[in-house]
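What follows is calculated from the coordinates using simple rules that are stated; it is not laboratory data. Nothing here was measured: the structure is a model prediction, and the numbers come from that model. Cβ coordinates were reconstructed from backbone atoms using ideal geometry, including for glycine residues, and neighbour counts include every protein chain displayed.
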Amino acid sequence: MILDTAPPRHDVASGAAEGPLGNAHSQLRSAVATLGLDDGIHRMLAQPRREITVQVPLRRDDGSVEVLTGHRVQHNFARGPAKGGVRYSPAVTLDEVRALAMWMTWKCALLDVPYGGAKGGITIDPRNYSTRELERVTRRYTSEILPVIGPERDIPAPDIGTDEQTMAWMMDTYSVAVGYTAPAMVTGKPLSIGGSRGRAAATSKGVVHIGLAALTHHGIPVAGATAAVQGFGKVGAGAARLLAEAGVAVVAVSDQYGAVHRTGGLDVPALTTHLEATGSVVGFPGADPLDPAALLELEVDLLVPAAVEGVLHEANAASVRARIVVEGANGPTTAAADEVLAANGVLVVPDILANAGGVIVSYFEWVQGNQSYWWTEAEVDHRLEQRMLMAWNGLLKTRRSTGLTLREAATVIAVEKVAQAHQIRGIYP
Ligand code: NAD
C-alpha cells in the first residue's frame with residue numbers, strides 16, 4: 001500500500017525526531033535557514049514524496065513461516081528518478097530509511113547526478129538465513145515494491161547486508177514481472193548481467209580520492225600519514241586497501257565483532273584473507289586486539305567511519321584525536337558531535353560527498369544499461385575521480401566564501417539545487 005506521508009509538524013519545525021532522522025532534519029533546517037527558503041518548500045523537502053511499507057512473508061527452509069517488514073522511501077524526484085540502496089539489517093526502521101533517503105537526495109544533487117533520493121530496507125539479520133531464504137525474501141520484497149520501482153522511477157542498489165547477488169535477484173524478479181530484461185532497474189549488479197566495471201570498489205575509491213585530497217589540503221604528506229577505519233565491509237575494506245596502496249599506514253580497523261591495531265600499519269591484504277577465512281577481523285595474527293570504541297579516539301591523520309550511523313556522538317566527539325574525518329558511512333556523525341568536532345578544529349568531510357563514489361558509478365551503470373554500451377574500467381575510474389574532485393573543489397570554494405563547515409556547505413549547495421528544481425517545475429495543479 002502506498003501511504004500519503006505527512007509526518008507531524010513537530011518533526012520538521014522543532015526537530016523532535018531522534019536518531020538519524022533527527023540529524024537529517026536538523027541539517028536541512030540549518031540549510032533552509034542559510035538559504036532563506038520559506039516554510040512551504042521546507043516542508044516539501046522535509047517529507048518523503050512517497051513511502052511504502054510492505055509485509056514480506058517468508059517460508060523458511062524448515063517449512064515454518066516468518067513475516068518480515070520491508071520499506072522503500074522515495075524522498076524526492078524533483079531532479080530525476082529516485083535512487084538509493086537496500087539495507088538488510090536488524091536495526092532497519094522506517095525512520096532510519098527516511099533519513100537515508102533524504103541524504104541520497106542531497107548526495108545526488110551535490111554531485112550533479114540526475115536523480116532524487118530513495119532508500120529501502122528489510123528488518124532482518126541476513127546472517128541467520130540461508131542463501132535460498134534470502135533469495136525468497138528478496139524476490140518477495142521486490143514484488144511488493146514493484147509498482148514504484150523501475151529504471152525511470154526508482155533504481156535500487158546494494159547497501160549494508162546486500163550485494164550484487166541481491167541485485168541480480170531483484171533484476172530477475174522485476175524482469176519476469178514486466179516481460180523483458182531490464183538491466184537498468186538496479187545498479188551494483190554482477191558484470192555478467194550488465195553491471196559496470198569499477199562499480200564494486202567505487203565507493204571506496206571515492207572515499208580515498210577525497211581522503212587523500214583532504215590530507216593534501218591540510219598539508220599532511222600522504223606517504224606516512226596514518227588512518228583508522230571503522231567497518232571492514234564493502235566500503236571500509238576497500239578504503240583500507242586503497243589507502244594502504246597510496247602509502248597511508250592503516251593502523252586500526254574494526255568490524256561489528258571487534259577491532260585490531262598495529263602501530264606501523266596493518267597488512268591489509270593479509271587481513272582480508274583472514275576475514276575471508278574467519279568472518280571477522282578479530283584474531284588477525286598480524287595485529288593486537290583493540291577496544292572498538294577506542295578506534296574512534298586514536299591519534300591518526302584520517303578517521304574513516306565506514307559502518308553505521310551515529311557512531312560519533314555527543315559523548316565521544318570530544319575524544320576524537322583524528323585531524324580529518326572522512327565519512328565512508330552514511331550519517332556516522334550526529335549533529336551534536338558535528339559542533340564539538342568543528343569547535344576542536346577536526347575537518348569533517350561529509351558523507352554526501354565522501355561516499356558518493358557509489359552513486360556516481362551507479363549512475364554510470366544506469367547510463368551504460370540504458371544505452372547497452374559498456375565502458376572500460378579506466379573510463380569509469382577517470383570519470384569518477386573527475387566528478388569527486390570537482391565536487392570537493394566546489395565545496396572548498398563555498399566553505400571559503402561562506403565560513404560554513406563542509407557539511408553545512410554541502411547541504412546548502414544540494415538543498416539549493418533541489419529547491420530550484422521544485423521552484424522551476426512549480427506545484428501541480
Ligand atoms: P557492509 O555490510 O558491506 O559492511 C558493514 C561493515 O560494518 C561490516 O564490516 C560490519 O561488521 C561493520 N559494522 C557494523 N556495525 C559496526 C559497528 N558498530 N562497529 C564497527 N563495525 C561495524 O556495508 P557497506 O556497504 O560497506 O556499508 C557501510 C556504510 O557505507 C553504510 O553506512 C552504508 O550506507 C554506506 N554506503 C555504502 C555504499 C556502498 O556502495 N556499499 C555507498 C555509500 C554509502
Please state the Cα pair-distance histogram of segment 291-340 with 5 angstrom bins from zero: what percent is in each bin? 5, 24, 34, 31, 6, 0
Just rank 172, 288, 338, fewest to most, by other beta-carbon atoms within 10 angstrom. 288, 172, 338
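If you average 1/r over every pair of different alpha-carbon atoms in segment 2-188 and take one over that average, what Kirkwood value in Å do you get?
On the way: mean 1/r = 0.0591 Å⁻¹.
Computed over segment 2-188, the radius equals 16.9 Å.
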Can you give the Kirkwood hydrodynamic radius of segment 242-294 from its Cα pairs, in Å with one decimal? 11.0 Å
So what are the chain's ellipsoid semi-axes, whole angstrom, largest first, if each one is the square root of 5 times an eigenvalue of the alpha-carbon gyration tensor? 31, 27, 21
Sort all Cα-Cα distances of segment 16-82 into consecutive 10 angstrom bins from zero, then give the percent of pairs in each bin up to the one containing the longest distance. 17, 34, 25, 14, 8, 2
Expected max-MSF residue from 224, 403, 80 in the GNM of the chain (alpha carbon, under 10 Å) is 403
Picking from 146, 111, 45, which is most flexible by a Gaussian network model of the chain using Cα springs under 10 Å? 146
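Which ordering of 374, 106, 366 is given by a fewest-first count of other beta-carbon atoms within 10 Å? Working shown, then result.
Details: 374 15, 106 30, 366 25.
Fewest-to-most Cβ neighbours within 10 Å comes out as 374, 366, 106.
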Under a straight-distance cross-link criterion of Cα-Cα below 23 Å, which lysines are reachable from residue 189, leaving out those fewer than 8 residues away in the same chain? 83, 107, 119, 205, 234
Sort all Cα-Cα distances of segment 164-314 into consecutive 5 angstrom bins from zero, then give the percent of pairs in each bin up to the one containing the longest distance. 2, 10, 17, 18, 16, 13, 9, 7, 5, 3, 1, 0
Sorted by Cβ density within 10 Å, fewest first, the residues 162, 131, 263, 123: 131, 263, 123, 162
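Below 8 Å, C-alpha to C-alpha, sequence gap of six or more: please give me the relative contact order for segment 2-188 in percent. Don't jump to the answer; show the numbers that get you there.
Numbers: 360 pairs, mean separation 37.1, N = 187.
Relative contact order for segment 2-188 comes out at 20 percent.
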If you build a Gaussian network model of the chain, linking Cα atoms that sit under 10 Å apart, which residue out of 118, 391, 109 swings the most? 391
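Over all distinct alpha-carbon pairs, what is the Kirkwood Rh of segment 54-105 in angstrom? Kindly include the intermediate steps, with their values, before the conclusion.
Numbers: mean 1/r = 0.0787 Å⁻¹.
Result for segment 54-105, one decimal place: 12.7 Å.
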What whole-number distance in Å separates the alpha-carbon centres of segment 175-189 and segment 253-292? 38 Å
